[in-house]
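As structure tokens, the structure follows; a few thoughts come after it.
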Amino acid sequence: MSVSFSTPPIVELMLAATHSRALIASSPPFTRHLFTSPKAGFFTAVLLDGSIQVQSPLGFEGTDGLVKVNARLLRDYIQRAPHPPSKDYITLSYYQFRPIPQKDDLLKIQYFFLTDLRAMDVVGRIYVSAEGINAQISCPKDRVEDFKEYYATQWPIFDKIRFNPAMSEGKAFKKLHVRIKGQLVADGIDNSSFDIYNEPTYLTPEEWHNELSSQTTPPILIDMRNHYESSIGHFEHAIRPDVTTFKENVDAMLDICKGKEDQEIYMYCTGGIRCTRSGALLKSSGFKSVKMLRGGVTAYGRYIQDQREQQIAEGRGEEEVKSIYKGKNFTFDKRLGEPITDEVLATCHICGTACDTYSNCSNMACNLLMISCPACQQKHQGTCGSGSCVEMVQELNEKQKKIDKNHPGLRGMKARLGVQPFHEHRLRVRPLKVMETRRNKTRL
């Protein structure tokens, strides 16, 4: 018999399953997968067409107990299911370049991540592609070891993953999303044109700190992040290209390194994945010494934090731990940054006061990514200061006051789901340019 994907017993059954993934230990393409759960008394199979077949005990669903569930609809159901609240979360990032050429295999990975990690209350973004995996997630503290064990035992194909914890604790995401991408990090370069596995030399945060601190002449040190990331924090003497996308940064990197094949090249990014790919491109182009910071700025920030905690524990509280990174580390989650040092390197985009706190304009139809000080946040009601944005937010706030706080539509009104920003990405992350254009139009 066939049932709708939203039948609660089936969804609960799938979420409660304990899975055995013998198939993933072999090289792609994966075989047809079959796993059992004696406790639940059923089996399921992922068929080649991407659907999920569930054999449940007799009497559970009809006389034959056979159910076929549409995998895509089930994935959508799980993605939209609300997560229970949890006070203590830890944010982790991780990635691995590893070939997964079969689209069917990517669909299976997507399905199992959604079902298994949802049961652990994991939230965040996981991207899978034919190149491998790239993820930023928040996991309950009491499930972190289970989470790591899950990857170690159930996903041996991702055997080189290093889990990179953030400096601060807390839930950085609202839901779990697992998406299939064309490229893990988009640079527009065909993978067949270079050896993506010809990786650069990895330096631990301590090795990176000692090596750069001891240099008498500033090395070629490239920040492989976008301009809005490096504007609130960067390493001393870093070359920071004024770019908006990773593709632009790769082009800038090639210009910077042109003719310097025999020199040492250092590079860093937020978590490491952009440098792994960029470094492989340089190494494949004949550059002899390409070094990158393992774990990126996130790992370095953790290293500095650990050094500070250690000196306090040893009673050396008055000594200063000198960081060669200044300011904040930009993060692609609701935090939009975590401080590594107290230096404030940026200014409010509205009033010019020293500030390094990013936010998005509260008018979702604008959604500018901007640096806004507390005074401007309050004065302009969380917007970019545009008169139309302030009016829009005021109108929504007045409507919300008339609605019962428990009304199911209130949350949707606040978020204005489905509203597409009218600024393209290149402008949305350059608020000063947008604000200047508005002022010029006002003068006309």
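The values are calculated or read from the model by the stated rules, or taken from the named source; none is laboratory data. Here the structure is a predicted model, which means the values were calculated and not measured. Cβ placement follows ideal geometry from the backbone for every residue including glycine, while neighbour counts extend to all protein chains displayed. What goes into the accessible areas is simple: the full protein's heavy atoms, side chains included, and nothing from ligands, DNA or RNA. Shrake-Rupley method; radii C 1.70, N 1.55, O 1.52, S 1.80 Å.
Being more than 22 Å from Val434 (Cβ to Cβ), open to solvent by 50 Å² or more (accessible area, probe 1.4 Å) and not aromatic (Phe, Trp, Tyr) is true of Glu343. The set of residues from segment 128-148 being closer than 13 Å to Gly182 by Cα and crowded, with 20+ Cβ neighbours inside 10 Å comprises Val128, Glu131, Gly132, Ile133, Asn134. Restricted to segment 154-178, and to residues there that are assigned to a helix (DSSP H, G or I) and open to solvent by less than 20 Å² (accessible area, probe 1.4 Å), the residue that is farthest from Asp306 (Cα to Cα) is Ile157. Here Val321 passes the criteria (1) closer than 30 Å to Ile220 by Cβ; (2) aliphatic (A, V, I, L, M); (3) free of Cβ contacts under 8 Å to residues at least 40 places away in the same chain; (4) open to solvent by less than 20 Å² (accessible area, probe 1.4 Å) except the one numbered (4). Listed by first and then second residue, the pairs with beta-carbon distance under 7 Å, at least 6 apart or on different chains, first residue in segment 373-390 and open to solvent by 20 Å² or more (accessible area, probe 1.4 Å), second among the acidic types (Asp, Glu), form an empty list.
Just give me the residues in segment 359-382 being under 17 Å from Gly327 (Cα atoms) and either touching a strand residue (DSSP E or B) at 6+ places or on another chain (Cβ under 6 Å) or aliphatic (A, V, I, L, M) (or both), in sequence order. Across segment 359-382, the qualifying residues are Met370, Ile371, Ser372.
Yes/no per residue for (1) open to solvent by 20 Å² or more (accessible area, probe 1.4 Å); (2) modelled with pLDDT under 95; (3) touching a His at 6+ places or on another chain (Cβ under 9 Å):
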{"position": "Arg277", "(1), (2), (3)": "no, no, no"}
{"position": "Leu293", "(1), (2), (3)": "no, no, no"}
{"position": "Thr298", "(1), (2), (3)": "no, no, no"}
{"position": "Tyr325", "(1), (2), (3)": "no, no, yes"}
{"position": "Phe332", "(1), (2), (3)": "yes, yes, no"}
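Here Gly315 fulfils each of the conditions (1) open to solvent by 60 Å² or more (accessible area, probe 1.4 Å); (2) modelled with pLDDT of 95 or more; (3) at positive phi apart from (2).
On the given criteria, is Lys181 touching a residue at least 12 places away in the same chain (Cβ under 8 Å), surrounded by fewer than 20 Cβ atoms within 10 Å (Cβ to Cβ) and not polar (S, T, N, Q)?
When the stated conditions are applied, Lys181 passes them.
If only residues of segment 418-435 that are over 20 Å from Met392 (Cα atoms) and open to solvent by less than 70 Å² (accessible area, probe 1.4 Å) are counted, the one that is modelled with the highest pLDDT is Arg430. Consider Met370 carefully, then state whether it is touching a Phe, Trp or Tyr at 6+ places or on another chain (Cβ under 9 Å) and either within 18 Å of Phe235 (Cβ to Cβ) or buried (at least 18 other Cβ atoms within 10 Å of the Cβ) (or both). Judged against the criteria, Met370 is a match.
Suppose we filter His237, His227 for residues that are out of contact with any His (no Cβ under 8 Å at 6 or more places or on another chain), more than 15 Å from Pro200 (Cα to Cα), open to solvent by 40 Å² or more (accessible area, probe 1.4 Å) and in contact (Cβ under 8 Å) with a residue 12 or more places away in the chain; which single one remains? Matching residue, one of His237, His227: His237. The residue of segment 187-207 that is farthest from Arg162 (Cα to Cα), among those that are among the aromatic types (Phe, Trp, Tyr) and open to solvent by less than 80 Å² (accessible area, probe 1.4 Å), is Phe194. Taking the criterion of being open to solvent by 10 Å² or more (accessible area, probe 1.4 Å), at pLDDT 95 or above, in a helix (DSSP H, G or I) and under 25 Å from Met370 (Cα atoms), would at least one residue in segment 257-270 satisfy it? Looking for residues that are open to solvent by 10 Å² or more (accessible area, probe 1.4 Å), at pLDDT 95 or above, in a helix (DSSP H, G or I) and under 25 Å from Met370 (Cα atoms), one finds none in segment 257-270, hence no.
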